[in-house]
Amino acid sequence: MATLISSLPDHLPGRYIQNDTRPTLVGLSREELMEALGRVGVPEKQRRMRANQLWHWIYHKGVTEFSVMTNIARELREKLGDAYQISRPEVVTEQKSSDGTRKWLLRLAPDERGQRHEIETVYIPEEDRGTLCISSQVGCTLTCTFCHTGTQKLVRNLTSEEIVGQIMLARDAINDWPEDLAANPQPPSSGRYITNVVLMGMGEPLYNFDHVKQAMEIASDGDGISLSKRRITLSTSGVVPEIVRAGDEIGTMLAISLHGTTDEIRNKLVPLNKKYPLAELLAACRAYPGLSNARRITFEYVMLKGVNDTPEDAKRLVKLLAGIPAKINLIPFNPWPGTQYECSDWDTIERFAEIVNKAGYASPVRTPRGRDIMAACGQLKSESQRMRAKDRPAADAHG
Ligand code: SAH
Ligand code: SF4
């Protein structure tokens with residue numbers, strides 16, 4: 001299991017520029033982009049057209065310099081370059097798993113307190129698709145007991161720039177912009193490397209609603225990154241009041257981190273369940289806009305030995321979801337240093353899967369990817385946190 005930590009990131013076009021305090025244009029809505037143009041003197045009646053040009057350069061072509069924007073007059077390009085940047089987060093490390101999974105530890109630009117936080121982004125290639133798993137927060141305020149991110153103390157919401165910036169950085173790193181793909185002698189059969197995005201990295205996306213919404217608007221815009229909302233999945237631990245709103249306003253696919261089939265079990269695993277118990281959660285799922293057999297909710301279920309993995313649990317699970325167009329993802333628990341849980345035995349998972357299968361849900365077990373680089377679900381936690389934990393006494397080394 002070779003883990004490669006490459007010395008990156010020389011090949012990246014948009015490298016992070018230290019101490020650059022120019023505001024970025026990445027992450028702005030079209031209206032905000034028009035306002036930014038107004039601030040450098042672009043007359044009002046030209047702003048929409050100019051914003052469309054910038055949008056195309058930034059999100060369709062993926063450029064990071066104003067100087068290459070040939071359809072914009074040199075004078076305006078210079079003004080834009082003096083006032084703004086087209087930023088990327090800084091790559092601290094890139095790791096490659098033996099199975100092709102790639103994980104980036106990214107350091108963000110200083111926030112208003114001058115702090116530079118770190119987040120992780122993971123790319124998972126499969127035969128016919130490639131999924132980018134992005135973070136929505138630094139850490140997470142929730143404390144699911146089986147999740148490594150949940151042990152991270154430091155938390156803040158990511159801005160829309162930082163959310164969409166993860167997609168842009170990944171496209172840089174794997175040469176996934178249209179020009180790169182056109183020059184690629186063996187382009188991926190799916191036409192592009194990143195075909196899907198899942199909000200399943202660090203953080204609870206529905207606690208960062210507005211920024212996630214704006215970032216997904218940008219990612220799905222047809223003149224840019226152009227990912228269909230059907231190929232974007234938002235995963236939530238069950239923030240009930242925001243679920244239906246997310247369907248109406250964000251409109252992506254939905255995944256629910258279920259993990260328990262009774263309130264008693266789920267309270268222990270996902271403490272948010274005490275606030276929004278199963279009955280309320282499932283009612284919100286039933287009310288999710290646009291549900292159909294072609295547009296199902298994914299229910300994630302982490303397999304924890306001796307906790308939630310009996311045949312009775314499986315039967316309860318199937319019963320609970322009756323009537324909801326659903327997919328079930330059984331996730332073998334991914335252990336992390338200091339966890340109290342173990343993954344269920346393979347036989348137990350198979351028995352569980354068989355019951356779920358018989359109820360009509362196809363191949364529900366998700367193969368863990370990138371385990372050798374701690375890139376699998378729920379293992380993400382920024383490197384600096386992990387390093388510090390190593391220095392603590394063993395009893396305290398919780399992650
Ligand atoms: N906060 C959101 C999204 C991020 S977590 C949520 O909880 O849904 C993404 C998925 O990974 C969730 O289903 C989460 O429950 C699962 N997960 C967390 N820790 C895990 C672990 N150690 N092993 C397997 N899956 C885990
Ligand atoms: Fe947060 Fe999701 Fe981890 Fe729970 S599983 S602590 S909600 S990131």
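The values are calculated or read from the model by the stated rules, or taken from the named source; none is laboratory data. Quick caveat: nothing in here was measured; it's all calculated off a predicted structure. Counting neighbours? That spans all protein chains shown, and the Cβs are built from the backbone with ideal geometry, glycine included. Side chains are part of the model used for accessible areas, which takes the heavy atoms of the whole protein and leaves out ligands, DNA and RNA. Shrake-Rupley method; radii C 1.70, N 1.55, O 1.52, S 1.80 Å.
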**Prompt:** Which ³J(HN,Hα) values, rounded to whole Hz and listed in residue order, are derived for the stretch 74-82 from phi using the Karplus coefficients 6.51, -1.76 and 1.60 in 6.51 cos²θ - 1.76 cosθ + 1.60 with θ = phi - 60°, glycine and proline given as x?
**Reply:** 3, 4, 5, 4, 5, 4, 5, x, 5
**Request:** Tell me the label-point distance for the pair residue 128, residue 292, using the 7 Å Cα-to-Cβ offset, in nm and rounded to one decimal.
**Result:** 2.1 nm
**Request:** For residue 235, list long-range residues whose amide hydrogen, built 1.01 Å from N in the peptide plane, is under 5 Å from its own amide hydrogen.
**Result:** 199, 255
**Item:** Per-selection metrics, the stretch 1-142 (Cα): Rg and Dmax in Å
**Value:** 17.8, 58
**Request:** Using only C-alpha positions, report the orientation-averaged shadow area of the convex hull of the stretch 153-235, nm², one decimal.
**Result:** 6.0 nm²
**Item:** Using θ = phi - 60° and Karplus 6.51 cos²θ - 1.76 cosθ + 1.60, couplings along the stretch 180-189 (whole Hz; Gly, Pro as x)
**Value:** 5, 5, 5, 8, 7, x, 10, x, x, 4
**Prompt:** So what does log10 I(q)/I(0) come out to for the stretch 73-147 at q = 0.20 Å⁻¹, using the Debye formula with one equal point on every Cα and no solvent?
**Reply:** -0.99
**Message:** Using a Debye calculation, one point per C-alpha and no hydration shell, please list log10 I(q)/I(0) for the stretch 71-221 at q = 0.10, 0.18, 0.19 Å⁻¹ in order.
**Reply:** -0.40, -1.15, -1.24
**Asked** Which FRET efficiency value, to the nearest 0.05, is calculated for residue 346 and residue 111 with the Förster distance at 45 angstrom and r the Cβ-Cβ distance?
**Response** 0.55
**Asked** Whose amide H sits under 5 Å from the amide H of residue 297, counting only residues 5 or more places off or on another chain, with H placed in the peptide plane?
**Response** 326, 327
**Prompt:** Is the stretch 17-83 rounded, prolate or oblate when judged by the Cα gyration tensor, a ≥ b ≥ c being the square roots of its eigenvalues, rounded requiring a/c under 1.5 and prolate requiring a/b larger than b/c?
**Reply:** rounded
**Asked** Over all distinct Cα pairs, what is the inverse of the mean 1/r for the chain, reported as the Kirkwood hydrodynamic radius in Å?
**Response** 22.2 Å
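Is the shape of the stretch 238-310 best called rounded, prolate or oblate, per the rule: a/c under 1.5 gives rounded, else a/b larger than b/c gives prolate, else oblate, with a ≥ b ≥ c the square roots of the Cα gyration tensor eigenvalues?
Verdict is prolate for the stretch 238-310.
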**Prompt:** Quick one: of the DSSP bridges fully inside the chain, what percent are antiparallel, nearest 5?
**Reply:** 50 percent
**Prompt:** Residue by residue through the stretch 103-114, which ³J(HN,Hα) values in whole Hz follow from phi under the Karplus form 6.51 cos²θ - 1.76 cosθ + 1.60 (θ = phi - 60°), with glycine and proline marked x?
**Reply:** 10, 10, 9, 10, 9, 7, 5, x, 8, 5, 8, x
**Prompt:** So what is the accessible area of the stretch 1-144 per residue, in Å², with the probe set to 1.4 Å?
**Reply:** 50 Å²
**Prompt:** Taking amide hydrogens as modeled 1.01 Å from N in the peptide plane, which residues meet the under 5 Å criterion relative to residue 342, leaving out close sequence neighbours?
**Reply:** 305
**Request:** Give the carbon-plus-sulfur fraction of the accessible surface of the stretch 90-391 in %, rounded to a whole number; probe 1.4 Å, heavy atoms of protein chains only.
**Result:** 49 percent
**Message:** Along the Cα→Cβ direction, 7 angstrom out, place labels at residue 52 and residue 40. What is the inter-label distance in nm?
**Reply:** 2.0 nm
**Request:** Take the cross-link list 153/315; 213/305; 268/315; 103/358; 213/268; 61/229 and give me the ones stretching past 28 Å between alpha-carbons.
**Result:** 153/315; 213/305; 103/358; 213/268
**Message:** If you roll a 1.4 angstrom probe over the protein chains with everything in place, what fraction of the accessible area of the stretch 17-83 belongs to carbon and sulfur, to the nearest %?
**Reply:** 49 percent
**Request:** Diagonalise the Cα gyration tensor of the stretch 286-340 and give the resulting equivalent ellipsoid semi-axes, square root of 5 times each eigenvalue, largest first, whole Å.
**Result:** 26, 14, 8
**Message:** How would the stretch 159-288 be classified by its alpha-carbon gyration tensor: rounded, prolate or oblate, with rounded meaning a/c under 1.5 and the a/b versus b/c comparison settling the rest?
**Reply:** prolate
**Request:** Would you kindly calculate the mean projected area, averaged across all directions, of the convex hull enclosing the Cα atoms of the stretch 202-249, in square nanometres?
**Result:** 3.4 nm²
**Message:** At 222 nm, what value in deg cm²/dmol follows for the chain if DSSP H runs of at least 4 each add -39500 (n - 2.57) and the sum is divided by all its residues, to the nearest 500?
**Reply:** -9000 deg cm²/dmol
